[in-house]
1. Just for region 44-81: of the residues that are assigned to a helix (DSSP H, G or I) and touching a helix residue (DSSP H, G or I) at 6+ places or on another chain (Cβ under 7 Å), which one is nearest to residue 187 (Cα to Cα)?
2. Please state which one of 104, 97, 29 is among the small types (Gly, Ala, Ser) and at pLDDT 95 or above.
3. When you go through (1) free of Cβ contacts under 8 Å to residues at least 24 places away in the same chain; (2) more than 19 Å from the chain's Cα centre (by Cα) one by one for residue 130, which number turns out not to apply?
4. Any idea how many residues of region 2-43 are outside any loop (DSSP other than H, G, I, E, B) and in contact with a strand residue (DSSP E or B) (Cβ under 9 Å, 6 or more places away or on another chain)?
5. Where the second residue is of a type outside the set (Ser, Thr, Tyr) and the first is free of Cβ contacts under 8 Å to residues at least 40 places away in the same chain and lies in region 173-200, which pairs have Cβ atoms under 6 Å and are six or more apart or on separate chains?
6. Let me confirm something: among 85, 80, which residue is of a type in the set (A, V, I, L, M, F, W, C) and surrounded by fewer than 17 Cβ atoms within 10 Å (Cβ to Cβ)?
7. Out of curiosity, is residue 193 modelled with pLDDT of 95 or more and either surrounded by 13 or more Cβ atoms within 10 Å (Cβ to Cβ) or outside any helix (DSSP H, G or I) (or both)?
8. Just to check your reading of the model, which residue among 121, 156, 142 is touching a Pro at 6+ places or on another chain (Cβ under 7 Å) and either within 24 Å of residue 35 (Cβ to Cβ) or surrounded by 15 or more Cβ atoms within 10 Å (Cβ to Cβ) (or both)?
Amino acid sequence: MEQTPYRQIRALYDDETIAVYQAYAPEIAEPALAAGTFVPPFGFNRMTWIKPSFLWMAYRSGWATKPGQTRVLRIHLKRAGFEWALAHSCLSHYDPAHHESEQAWRETLATSPVRIQWDPEQTLTLQPQPKIRSIQIGLSPEAVHHYVHDWITTIEDATPAMHEIHHLSQTNPTQANTLLPQERPYPLPPTLTTHIAPTPTT
(Lines give C-alpha, C1' and ligand atoms only; values in the text may rest on other atoms or scores of the structure.)
Protein backbone atom coordinates (compact mmCIF):
# COMPACT_ATOMS: atom_id res chain seq x y z
CA MET A 1 0.00 0.00 0.00
CA GLU A 2 1.31 3.44 -0.93
CA GLN A 3 2.51 5.44 2.05
CA THR A 4 0.74 8.71 2.83
CA PRO A 5 3.17 11.65 2.52
CA TYR A 6 4.18 13.33 5.77
CA ARG A 7 2.65 16.70 4.78
CA GLN A 8 -0.24 16.53 2.34
CA ILE A 9 -3.58 18.29 1.89
CA ARG A 10 -6.37 15.71 1.82
CA ALA A 11 -9.94 16.90 1.41
CA LEU A 12 -13.39 16.47 -0.07
CA TYR A 13 -13.39 18.44 -3.30
CA ASP A 14 -14.81 18.60 -6.80
CA ASP A 15 -13.91 20.65 -9.86
CA GLU A 16 -15.07 23.91 -8.29
CA THR A 17 -15.15 23.57 -4.49
CA ILE A 18 -13.31 22.13 -1.50
CA ALA A 19 -14.77 21.31 1.92
CA VAL A 20 -13.34 22.51 5.23
CA TYR A 21 -14.61 22.18 8.80
CA GLN A 22 -15.24 24.47 11.73
CA ALA A 23 -16.99 23.90 15.06
CA TYR A 24 -19.09 26.46 16.90
CA ALA A 25 -21.79 26.90 19.50
CA PRO A 26 -25.38 26.78 18.18
CA GLU A 27 -25.76 30.56 18.40
CA ILE A 28 -23.12 30.94 15.66
CA ALA A 29 -23.81 27.73 13.72
CA GLU A 30 -27.57 28.12 13.34
CA PRO A 31 -27.51 31.60 11.73
CA ALA A 32 -24.66 30.47 9.45
CA LEU A 33 -26.65 27.46 8.26
CA ALA A 34 -29.70 29.63 7.65
CA ALA A 35 -27.76 32.31 5.75
CA GLY A 36 -25.43 30.01 3.83
CA THR A 37 -22.43 31.92 5.15
CA PHE A 38 -21.26 33.38 8.43
CA VAL A 39 -23.21 36.26 9.96
CA PRO A 40 -23.13 37.90 13.43
CA PRO A 41 -22.47 36.86 16.13
CA PHE A 42 -19.62 35.23 14.16
CA GLY A 43 -16.42 37.17 14.87
CA PHE A 44 -15.20 38.95 11.75
CA ASN A 45 -12.25 40.65 13.46
CA ARG A 46 -10.37 37.68 14.84
CA MET A 47 -8.30 34.82 13.45
CA THR A 48 -10.45 31.87 12.37
CA TRP A 49 -9.08 28.41 11.56
CA ILE A 50 -10.37 26.07 8.86
CA LYS A 51 -9.48 22.41 8.52
CA PRO A 52 -10.04 20.04 5.57
CA SER A 53 -9.65 16.94 7.79
CA PHE A 54 -12.84 15.48 9.28
CA LEU A 55 -10.92 13.45 11.87
CA TRP A 56 -8.82 16.44 12.92
CA MET A 57 -12.07 18.34 13.47
CA ALA A 58 -13.39 15.37 15.45
CA TYR A 59 -10.28 15.54 17.62
CA ARG A 60 -10.44 19.31 18.06
CA SER A 61 -14.13 19.33 18.96
CA GLY A 62 -14.21 16.06 20.92
CA TRP A 63 -16.66 14.64 18.38
CA ALA A 64 -18.74 17.82 18.66
CA THR A 65 -19.05 17.64 22.45
CA LYS A 66 -16.68 20.33 23.75
CA PRO A 67 -18.21 23.57 25.04
CA GLY A 68 -18.57 26.06 22.22
CA GLN A 69 -17.91 23.35 19.62
CA THR A 70 -21.10 21.28 19.70
CA ARG A 71 -22.05 22.06 16.09
CA VAL A 72 -19.61 20.99 13.39
CA LEU A 73 -20.03 22.69 10.02
CA ARG A 74 -18.82 21.46 6.65
CA ILE A 75 -18.13 24.59 4.63
CA HIS A 76 -17.75 24.35 0.86
CA LEU A 77 -15.39 26.95 -0.58
CA LYS A 78 -14.47 27.97 -4.09
CA ARG A 79 -11.18 26.32 -4.89
CA ALA A 80 -9.90 29.65 -6.21
CA GLY A 81 -10.45 31.18 -2.77
CA PHE A 82 -8.84 28.25 -0.98
CA GLU A 83 -5.80 28.55 -3.21
CA TRP A 84 -5.68 32.32 -2.67
CA ALA A 85 -5.41 31.59 1.05
CA LEU A 86 -2.54 29.17 0.49
CA ALA A 87 -0.76 31.60 -1.83
CA HIS A 88 -0.98 34.40 0.77
CA SER A 89 0.07 32.24 3.71
CA CYS A 90 3.10 31.81 5.91
CA LEU A 91 3.98 28.87 8.12
CA SER A 92 3.17 29.59 11.76
CA HIS A 93 6.55 28.27 12.88
CA TYR A 94 10.04 28.79 11.54
CA ASP A 95 11.28 25.84 9.50
CA PRO A 96 15.01 26.02 8.71
CA ALA A 97 14.52 23.49 5.90
CA HIS A 98 11.97 25.75 4.23
CA HIS A 99 12.81 29.36 5.08
CA GLU A 100 15.84 31.32 3.94
CA SER A 101 16.39 32.58 7.50
CA GLU A 102 14.48 33.13 10.70
CA GLN A 103 14.46 36.87 10.01
CA ALA A 104 12.99 36.32 6.54
CA TRP A 105 10.29 34.09 8.05
CA ARG A 106 9.43 36.72 10.68
CA GLU A 107 9.11 39.42 8.03
CA THR A 108 6.81 37.24 5.91
CA LEU A 109 4.77 36.24 8.96
CA ALA A 110 4.18 39.88 9.88
CA THR A 111 2.65 40.69 6.50
CA SER A 112 0.81 37.47 5.58
CA PRO A 113 -2.99 37.40 6.06
CA VAL A 114 -2.99 33.60 6.39
CA ARG A 115 -1.19 31.15 8.69
CA ILE A 116 -0.42 27.50 7.94
CA GLN A 117 0.09 24.79 10.54
CA TRP A 118 0.84 21.14 9.85
CA ASP A 119 -0.52 19.10 12.78
CA PRO A 120 -0.60 15.34 13.37
CA GLU A 121 -3.48 13.66 11.58
CA GLN A 122 -5.80 11.63 13.81
CA THR A 123 -7.03 8.05 13.72
CA LEU A 124 -10.63 6.93 14.20
CA THR A 125 -9.86 6.58 17.91
CA LEU A 126 -8.40 10.12 17.92
CA GLN A 127 -4.81 9.04 18.34
CA PRO A 128 -2.23 11.28 16.66
CA GLN A 129 -0.38 9.86 13.67
CA PRO A 130 3.17 11.17 14.08
CA LYS A 131 4.15 10.31 10.50
CA ILE A 132 1.17 12.01 8.81
CA ARG A 133 0.42 15.72 9.06
CA SER A 134 -2.82 17.50 8.25
CA ILE A 135 -3.12 21.16 7.33
CA GLN A 136 -4.80 23.87 9.39
CA ILE A 137 -5.33 27.26 7.80
CA GLY A 138 -5.66 30.37 9.95
CA LEU A 139 -7.43 33.32 8.38
CA SER A 140 -6.76 36.84 9.65
CA PRO A 141 -9.56 39.45 9.51
CA GLU A 142 -8.48 40.44 5.99
CA ALA A 143 -8.79 36.84 4.79
CA VAL A 144 -11.97 36.26 6.83
CA HIS A 145 -13.67 38.99 4.81
CA HIS A 146 -12.91 37.11 1.58
CA TYR A 147 -13.86 33.79 3.19
CA VAL A 148 -17.30 34.95 4.30
CA HIS A 149 -18.24 37.18 1.38
CA ASP A 150 -16.46 35.65 -1.62
CA TRP A 151 -15.46 32.03 -1.10
CA ILE A 152 -18.24 30.16 0.71
CA THR A 153 -20.75 28.45 -1.58
CA THR A 154 -22.70 26.30 0.91
CA ILE A 155 -22.61 25.24 4.56
CA GLU A 156 -23.79 21.84 5.84
CA ASP A 157 -24.37 20.60 9.37
CA ALA A 158 -21.88 17.77 9.88
CA THR A 159 -22.82 17.27 13.54
CA PRO A 160 -25.08 14.21 12.98
CA ALA A 161 -22.28 12.51 11.02
CA MET A 162 -19.82 13.33 13.82
CA HIS A 163 -22.08 11.73 16.42
CA GLU A 164 -22.88 8.66 14.30
CA ILE A 165 -19.25 7.97 13.41
CA HIS A 166 -18.20 8.51 17.02
CA HIS A 167 -20.77 5.96 18.21
CA LEU A 168 -19.76 3.44 15.55
CA SER A 169 -16.06 3.96 16.29
CA GLN A 170 -16.76 2.37 19.67
CA THR A 171 -19.15 -0.36 18.52
CA ASN A 172 -18.35 -1.12 14.87
CA PRO A 173 -15.09 0.51 13.72
CA THR A 174 -15.24 -1.13 10.30
CA GLN A 175 -18.60 0.47 9.57
CA ALA A 176 -17.42 3.76 11.04
CA ASN A 177 -14.54 3.82 8.59
CA THR A 178 -16.91 3.36 5.67
CA LEU A 179 -18.82 6.49 6.74
CA LEU A 180 -15.78 8.76 6.94
CA PRO A 181 -15.63 11.39 4.19
CA GLN A 182 -13.49 10.15 1.31
CA GLU A 183 -10.77 12.76 1.51
CA ARG A 184 -8.38 12.64 -1.45
CA PRO A 185 -4.99 14.30 -2.02
CA TYR A 186 -5.64 17.84 -3.21
CA PRO A 187 -3.90 18.75 -6.50
CA LEU A 188 -1.79 21.79 -5.68
CA PRO A 189 -0.78 24.20 -8.46
CA PRO A 190 3.00 24.16 -8.98
CA THR A 191 3.44 27.63 -7.44
CA LEU A 192 1.95 26.38 -4.17
CA THR A 193 3.81 23.11 -4.07
CA THR A 194 6.85 24.81 -2.55
CA HIS A 195 5.12 27.75 -0.83
CA ILE A 196 3.31 25.79 1.90
CA ALA A 197 6.03 23.15 2.38
CA PRO A 198 4.13 19.94 1.63
CA THR A 199 6.07 16.70 1.27
CA PRO A 200 7.21 16.32 -2.36
CA THR A 201 5.56 13.49 -4.26
CA THR A 202 6.64 11.81 -7.47
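The values are calculated or read from the model by the stated rules, or taken from the named source; none is laboratory data. Nothing here was measured: the structure is a model prediction, and the numbers come from that model. Here Cβ is always computed from backbone atoms with ideal geometry, including for glycine, and neighbour counts include all displayed protein chains.
1. 81
2. Going through 104, 97, 29 in turn, the sole match is 29.
3. (2)
4. 19
5. 175/168; 179/165
6. 80
7. Here the answer is no, as residue 193 does not meet what is asked.
8. Answer to the selection: 142.
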